[in-house]
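Worksheet: one structure, shown below.
The values are calculated or read from the model by the stated rules, or taken from the named source; none is laboratory data. Being a predicted model, the structure only gives us computed values, none of them experimental. Note: ideal-geometry Cβ built from the backbone for every residue, glycine included; neighbour counts use all protein chains shown.
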Amino acid sequence: MLQVILILVNAIFASAEIAVISMNDNRMAKMALEGDKRAIKLTKLTLQPSYFLSVIQVGITLAGFFGSAFAADNFASRLTNLLLRMGVNLPASTLNTLSVVIITLILSYFTLVFGELVPKRVGMKNAEKLALLMSGMLFSISKFFSPLVWLLTASTNGVLRLIGIDPNSEDEEVTEEDIRMMVDVGSEKGSINANEKEMIQNVFEFDNKTAEEVMTHRTEVDILWLDETDEEWAQKITKSRHTRYPVCDGSADNIIGVANVKDYFRLADKSRENVMDKAVKAAYYVPETVRTDVLFQNMKKTRNHFAVVFDEYGGMSGVITMNDLLEQIVGNFDDDYLNPEPPSIEKLDNDTWKIKGSAYLEDVSKQLGIRLPDEDFDTFGGLVFGVLGIIPEDGSTMELDEYGLKIKVTEIKGRRLETAIVYKSPDSTDYED
């Protein structure tokens, strides 16, 4: 009976250890703040993890020690006498040693199964419930064993210092990689859905992007030109439905200001002079290289929702809005996602693609599986214009023998390549990262 009690004591300490380690610390802290006495006791215990683990280890060690001593004292001599009566032809001292080994193995089996493995599984499955249930007992035991635990802790710390480890050093901080791994594990187990995972990953990618990567390129920006009529302004604002527009004179690099559509529609008098005075404000400029997280903080601090991105020569590279930045984290949240634009690179068959001129050349290289000169050109349209040296007409065809490509221009708008059909020769040079 005593042996069963000692295994039960071992089981209680083992389940308590894993339950307290597995419980949600944030939830327990919240319960403690709300006045839950059991949570308060647990919080006090876990403020010093080494102290708590020492208390548990003392309990488990004492239970194991007394269990082994009791088993050896009560069962070894009985097993030795049984073996002698069975006619085992060995000295009594040898049989006694053999009996102790056999009893220890049997005891170890029952202790491992019923005193360690099963209780720990139960503790993992019911961590919070068991931790709260045992909080009073653990708190009392920690007080009772405190002198012994203090001695053990002091001895342990002394040994650690001798081998060059500071026992009081802070634990390593949780890194970005640790959190990403936890998110991946949570996603695999179903506790984090795909949208939540993507949003968390986007948060970590946010400080790795620049304004140039997120902005709307100048060739795609709707501009209000000073030489346009008031009616043309009204038509452009109504049709394109942006909240702000750069106002330019002669060139996109000559920005007079930024028109706020809300202010524009509040005006009863929409004459050019009144609009320029009441609805057009000075532009907020940012460099292409500014990181998106820094830009977001700066725009929030200065209360600017629209920024003009300038290049190294001082010209307009594009524009960026607060919505553009937020969408890098939460994804597209305007109505356009219901009718998404076709992809910039669309595979039609094994050797044919439909490619937009705005597609990044590096992406085109990867999709087609060939090496294109992305060091010289940023976009596919830039490559086409650079090779031809002229603006092609709709339907014109060109061949890039060096890359095994045949390109048919399908749409030119203004001075921009909108789309082209690209045919790839089977013997084209493979792309390598």
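Exactly one residue among Ser140, Ser187, Ser135 is within 30 Å of Ala39 (Cα to Cα) and not assigned by TED's automatic domain parsing to the domain that holds Ile40, and that residue is Ser187. Residue check: is Gly67 more than 41 Å from the chain's Cα centre (by Cα) and either closer than 28 Å to Ser135 by Cα or not assigned by TED's automatic domain parsing to the domain that holds Ser142 (or both)? It is true that Gly67 is more than 41 Å from the chain's Cα centre (by Cα) and either closer than 28 Å to Ser135 by Cα or not assigned by TED's automatic domain parsing to the domain that holds Ser142 (or both).
Kindly indicate whether any position in the stretch 54-76 is of a type in the set (Asp, Glu), out of contact with any Pro (no Cβ under 6 Å at 6 or more places or on another chain) and within 29 Å of Leu151 (Cα to Cα).
Of the stretch 54-76, the ones of a type in the set (Asp, Glu) are 73.
Restricting the remaining residues to those that are out of contact with any Pro (no Cβ under 6 Å at 6 or more places or on another chain) gives 73.
Right, trim to within 29 Å of Leu151 (Cα to Cα) and you get none.
No: zero hits.
Residues in the stretch 306-340 that are farther than 17 Å from Val258 by Cβ and among the hydroxyl-bearing types (Ser, Thr, Tyr) were compared, and the one that is modelled with the highest pLDDT is Tyr313.
For the stretch 187-208, the criterion of being more than 26 Å from Leu325 (Cβ to Cβ) and surrounded by 12 or more Cβ atoms within 10 Å (Cβ to Cβ) is met by none of the residues.
When Ser15, Ser22, Ser50, Ser77 are checked against the criterion of being under 29 Å from Thr156 (Cα atoms), touching a helix residue (DSSP H, G or I) at 6+ places or on another chain (Cβ under 8 Å), of a type outside the set (Phe, Trp, Tyr) and modelled with pLDDT under 80, Ser50 stands alone in meeting it.
Of all residues in the stretch 152-162, at least one satisfies being farther than 21 Å from Leu42 by Cβ, modelled with pLDDT under 85 and either touching a Lys or Arg at 6+ places or on another chain (Cβ under 9 Å) or hydroxyl-bearing (Ser, Thr, Tyr) (or both). For Asp178, state whether it is of a type outside the set (Phe, Trp, Tyr), more than 30 Å from Leu417 (Cβ to Cβ) and surrounded by 11 or more Cβ atoms within 10 Å (Cβ to Cβ). Answer is yes for this residue. Annotation: of all residues in the stretch 214-233 being without any contact (Cβ under 8 Å) to a residue 60 or more places away in the chain and closer than 24 Å to Tyr360 by Cα, the one that is surrounded by the fewest Cβ atoms within 10 Å (Cβ to Cβ) is Asp222. Only helices (runs of 4 or more DSSP H) whose full extent lies in the stretch 252-334 are considered here, and the ones with at least 1 residues that are exposed (fewer than 12 other Cβ atoms within 10 Å of the Cβ) and within 36 Å of the chain's Cα centre (by Cα) are 292-302. When the stretch 237-273 is filtered for residues that are of a type in the set (D, E, K, R) and under 18 Å from Gly314 (Cβ atoms), the ones remaining, listed by number, are Asp249, Asp253.
If I filter the stretch 18-47 down to residues being within 30 Å of the chain's Cα centre (by Cα) and charged (D, E, K, R), which single residue comes out as nearest to Phe139 (Cα to Cα)? Looking at the filtered set, the residue picked out is Asp25. Selection of the stretch 409-433 for residues being surrounded by 17 or more Cβ atoms within 10 Å (Cβ to Cβ), modelled with pLDDT of 85 or more and under 21 Å from Asn350 (Cβ atoms) yields Thr419, Ala420, Val422, Lys424.
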